[in-house]
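The values are calculated or read from the model by the stated rules, or taken from the named source; none is laboratory data. Note that the structure is a prediction, hence the values are computed from the model and not measured. Cβ sites come from the backbone with ideal geometry, for glycine too, and all protein chains shown count toward neighbours.
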Amino acid sequence: MARTLRTEPLTPAIQAGFIQLGATALAMIPVAAGIDMTSAQWAIVQGAIAMRIATLAGAARWWPPLHLLFAPAVVWAHGLGVAPAWWAAAFAALAIVFGGTARTQVPLFLTAKQVRAHLGALLAPERSVRFIDLGCGLGTVLAGLKRLRPECEFHGVELALLPFLISRLLAGRAGCRIERRDIMAVDLSGYDVAYAFLSPAPMPELWAKARREMRPGSLFVSLAFPVPGAEAQQVIKVTNAPRHTLYVWRI
Ligand SMILES: C[S@@+](CC[C@H](N)C(=O)[O-])C[C@H]1O[C@@H](n2cnc3c(N)ncnc32)[C@H](O)[C@@H]1O
């Protein structure tokens, strides 16, 4: 029986890891050939190779300069003489805050206070509303809305460990329900409003899920990131900054 091999595209972070490994192997060739160079010179050669590979691989425009600077930064940091345990501690701290970012391509940044007031205005005033924040970060949106509309139900899901714990503490104490789950594993059918402040990467899949699961009349709201090819019924520019624009779709 013929078998088809399905290949998933590499996430940018995994691709960056492979580029660094490839550039390191190539930069070892002159060393193996006996060419004498300092670590700083070697790092510059490695960075230039990594930058070139990233450009050829079609990486997004911010990756090539990062590849150029990575090895020189490691050599510079090594020269500071900081004890390895501090680097390990810094890595662990970053991993518990941004650990999921390599997979989800969504970092942690928070909805601004002035945007929260406009979100509150989207909740139907005459009845209790069920609201979910998909990727609720530190729970600040949920806690703020719960104070505004205590009779409504506010849920949040968050994958990254430290933000989840903080959100449990802040929004959980305010009466919101917080779970450590992937947004794609949540059943959206019971919510009147689903809110997302993520990145361009998950929007097409999330929009398809919202259209499949959400009831007619419910709202799907995205901050800063429109859904490609799906015109929003309402666009609320809270300020002129792109990350202060709300896109609202009525299902
Ligand atoms: C830009 S922050 C927004 C935080 C919060 N919603 C706010 O507006 O203040 C996005 C959050 O979504 C989380 N996230 C990204 N992808 C996720 C996923 N697939 N499942 C659960 N959480 C996710 C990230 O860890 C991050 O904390």
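Tabulated data for the structure shown
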| quantity | calculated |
| --- | --- |
| Per-region count, segment 138-179, residues surrounded by 24 or more Cβ atoms within 10 Å (Cβ to Cβ) and at positive phi | 1 |
| Residue check for residue 45: touching a residue at least 40 places away in the same chain (Cβ under 8 Å) and not assigned by TED's automatic domain parsing to the domain that holds residue 221 | no |
| Count of segment 100-116 residues which are more than 6 Å from the ligand (Cβ to nearest atom) and not in a loop (DSSP other than H, G, I, E, B) | 7 |
| Residue in segment 171-190 that is away from the ligand (no atom under 14 Å from the Cβ) and assigned to a strand (DSSP E or B) present | yes |
| Selection from segment 145-171 of residues that are among the small types (Gly, Ala, Ser) and modelled with pLDDT under 95 | 160 |
| Those residues of segment 124-165 which are within 14 Å of the ligand (Cβ to nearest atom), among the aliphatic types (A, V, I, L, M) and free of Cβ contacts under 8 Å to residues at least 40 places away in the same chain, in sequence order | 138, 142, 143, 145, 157, 165 |
| Residue identified as closer than 30 Å to residue 242 by Cα, surrounded by 13 or more Cβ atoms within 10 Å (Cβ to Cβ) and within 20 Å of the chain's Cα centre (by Cα) among 68, 108 | 108 |
| Test result for residue 50, surrounded by 20 or more Cβ atoms within 10 Å (Cβ to Cβ), away from the ligand (no atom under 16 Å from the Cβ) and in a helix (DSSP H, G or I) | yes |
| Count of residues meeting criterion [closer than 18 Å to residue 197 by Cα, among the small types (Gly, Ala, Ser), outside any helix (DSSP H, G or I) and more than 18 Å from the chain's Cα centre (by Cα)] in segment 208-228 | 1 |
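Conditions (1) in a strand (DSSP E or B); (2) in contact with a helix residue (DSSP H, G or I) (Cβ under 7 Å, 6 or more places away or on another chain); (3) hydroxyl-bearing (Ser, Thr, Tyr); (4) more than 14 Å from the ligand (Cβ to nearest atom), marked per residue:
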{"residue": "168", "(1), (2), (3), (4)": "no, no, no, no"}
{"residue": "199", "(1), (2), (3), (4)": "no, no, yes, no"}
{"residue": "236", "(1), (2), (3), (4)": "yes, yes, no, yes"}
{"residue": "243", "(1), (2), (3), (4)": "no, no, no, no"}
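Condition check ((1) in the same structural domain as residue 44 (by TED's automatic domain parsing); (2) within 30 Å of residue 149 (Cα to Cα)) across all residues:
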position	(1), (2)
68	yes, no
87	no, no
96	no, no
103	no, no
107	no, yes
120	no, yes
126	no, yes
